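These notes concern the structure reproduced below.
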There are 4 protein chains.
Amino acid sequence: MTSPNADEVNRVFRSAPFIADLGLQLDSLGPGACTSVLLLEQRHLQQDGFVHAGVQATMADHTAGAAAATLLPPGQIVLTAEFKINLLRAAKGERLICRSTVLRPGTQLSVVESEVFCIASGTERLVAKATATMAIVTPRGG
Amino acid sequence: MTSPNADEVNRVFRSAPFIADLGLQLDSLGPGACTSVLLLEQRHLQQDGFVHAGVQATMADHTAGAAAATLLPPGQIVLTAEFKINLLRAAKGERLICRSTVLRPGTQLSVVESEVFCIASGTERLVAKATATMAIVTPRGG
Amino acid sequence: MTSPNADEVNRVFRSAPFIADLGLQLDSLGPGACTSVLLLEQRHLQQDGFVHAGVQATMADHTAGAAAATLLPPGQIVLTAEFKINLLRAAKGERLICRSTVLRPGTQLSVVESEVFCIASGTERLVAKATATMAIVTPRGG
Amino acid sequence: MTSPNADEVNRVFRSAPFIADLGLQLDSLGPGACTSVLLLEQRHLQQDGFVHAGVQATMADHTAGAAAATLLPPGQIVLTAEFKINLLRAAKGERLICRSTVLRPGTQLSVVESEVFCIASGTERLVAKATATMAIVTPRGG
């Protein structure tokens, strides 16, 4: 496997306003893999004090997209075709970590898995797991 | 079907910090149904100028939870067990509307469908469709 | 929408050994739509006397593929990229009917919904609902 | 973790007519884990000569149910609430092996992952991956 397309991954993290707004940060990347981190704040919670499923889903989806992007040839981008996420435990803590790995790279579709962990008082627990199908497309005018 | 549990739905929308932060608003509700609206801003976009999948997923999930909550007996809450979302078209426009309907109410699980529409220049198009499984639980100490 | 590609749909139903083995039959088709029927036998059940989830999943997947195939240009085929199915009620009865509709046609991917109904003593009930992503491909050597 | 509930797993495999009809066999089990095997025959294929997605889905679902059943207290059964499967590669070969592992055990729901491998000319490849949500219920009259 060649070295990851770091330029595209950096763009995916730095040029996405919703990701900046959420506070999601790129932690590390490798060929077909990406890890991101989110420092939890009050504004990330739902009505019962747990991390909102939408926060976990955004993290799982975006990090999956970045993992797929590491394998992209120049000039192509990834768009989420679909994803499914299981929320395994109510998440409460200081930090979320998401580790995404490409399960099946492809030229039209890539299938990626994301695991979201919550760190609370130094203990890391798996709180969500997602599988995403990413469409690899050539942007119009791109 | 009895009249919807409006108190719980209002709590689900008003007491969820992530929902307030996102700008998602309750539009209307009925027994087993809920509609929400989001005025799109720059901060809701991803790196290519489209609405981030995480925004659509949050909307689909939260509105599905509210639709399930309309049917809850007092003292119970809903937590997302899992959901799956298909992003059907790149979304770009002024506003998102999400319409969620309970497909199968239950005492332990409710299955809910959410359709997300994007309004651009007065035209409404379906941009995402999700199916969510909601767990109905009695909160500890609740 | 043009008239459906009936040749490909007929091939999808007639040339699939697992479908013949299961007893699944094509009922009707239209542009972007397909309906199939299965007469339930003892051999379709799981260990508690209900229709096996795998039977419902096969029906939902295959009928979805046929619905997508109605819109195919000649020389292309559909392969299932992924599907998700919610089993809504334990199914018991004489017959299953599956109605599949293309939610989003595409040139590389089609998204299709399938509803599986069980007929018991003349009453039809929705027992499962699935969403499938179909890849549209040109067969090698085809 | 206690020793697995082998009685229930054996019942799940031996008393399910559709599983006998398909030819799916229990290979091994452990606490929260189950492996099954299917010798591929012509009747398991779809219209293009690949293993039908429904065969892989049935295997992924049933083996996931058995993995969840290993952790059941006596008197309870599992029913599939939902599952999602990604078909990663067209499957062609002599044998399928499915390995299922409980990702999150619970008292009302268990989340299980299944990996389906195809063996062709001695080479094993991952062809499908599924995530299933199993409902744990007390049978009526049971």
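For chain B, which semi-axes, largest first and in whole Å, follow from the square roots of 5 times the eigenvalues of its Cα gyration tensor?
26, 14, 13
When the accessible area of the protein assembly as shown is computed with all protein chains present and a 1.4 Å probe, what percentage of it is carbon and sulfur?
50
Using only the alpha carbons of the stretch D:44-116, determine the length spanned along each of the three principal axes and report them from longest to shortest in whole angstroms.
Over the stretch D:44-116, Cα extents along the principal axes are 43, 18, 16 Å.
Would you mind listing the distances between the B:Gln76 label point and the same position in each other copy? Use 7 Å along Cα-to-C-beta, nm, one decimal, shortest first.
1.7, 4.6, 4.7
Quote the total accessible area buried by chains C and A together, excluding ligands, DNA and RNA, probe 1.4 Å, nearest 100 Å².
Looking at C and A, the buried total is near 500 Å².
Looking only at other chains, what is the average number of their beta-carbon atoms within 10 angstrom of each beta-carbon in B:41-51?
The mean count of partner-chain Cβ atoms within 10 Å per residue comes to 6.
List, largest first, the extents of the alpha carbons of the protein assembly as shown along their principal axes, each in whole Å.
Extents along the principal axes: 57, 54, 45 Å.
Can you tell which of A:Ala6, A:Ser121, A:Ala57 lies farthest toward the positive end of the dipole of chain A, using +1 and -1 charges on the Cβ of basic and acidic side chains (Lys, Arg; Asp, Glu)?
Positive-end residue among those listed: A:Ala57.
How many Å² of accessible area per residue for the protein assembly as shown, probe 1.4 Å?
Per-residue value: 38 Å².
Under Stokes-Einstein, with the Kirkwood radius over Cα pairs standing in for Rh, what whole-number D in µm²/s applies to the stretch D:1-69 at 37 °C and 0.692 mPa s?
Rounded, D is 260 µm²/s.
Cα-Cα over 25 Å: which of A:Lys92/A:Lys129; B:Lys129/C:Lys129; D:Lys92/D:Lys129; A:Lys92/B:Lys92; A:Lys129/D:Lys129?
Check vs 25 Å cut-off fails for A:Lys92/B:Lys92.
Shielding by partners for B:130-137, please: the mean number of other protein chain Cβ atoms within 10 Å of each residue's Cβ.
Counting other chains' Cβ atoms within 10 Å and averaging over B:130-137 gives 5.
Quick one: dipole size for the stretch B:8-142, taken about the Cα centre, charges +1 on Lys/Arg Cβ and -1 on Asp/Glu Cβ, in debye to the nearest 20.
Dipole about the Cα centre, nearest 20: 120 debye.
How crowded by other chains is A:103-113, given as the mean number of beta carbons from other chains within 10 Å of each beta carbon?
4
The values are calculated or read from the model by the stated rules, or taken from the named source; none is laboratory data. Keep in mind that what you see is a predicted model, and the values were worked out from it rather than measured. All Cβ positions, glycine included, derive from the backbone under ideal geometry; neighbour counts span all protein chains shown. The accessibility values were calculated without ligands, DNA or RNA, using every heavy atom of the protein model including side chains. Shrake-Rupley method; radii C 1.70, N 1.55, O 1.52, S 1.80 Å.
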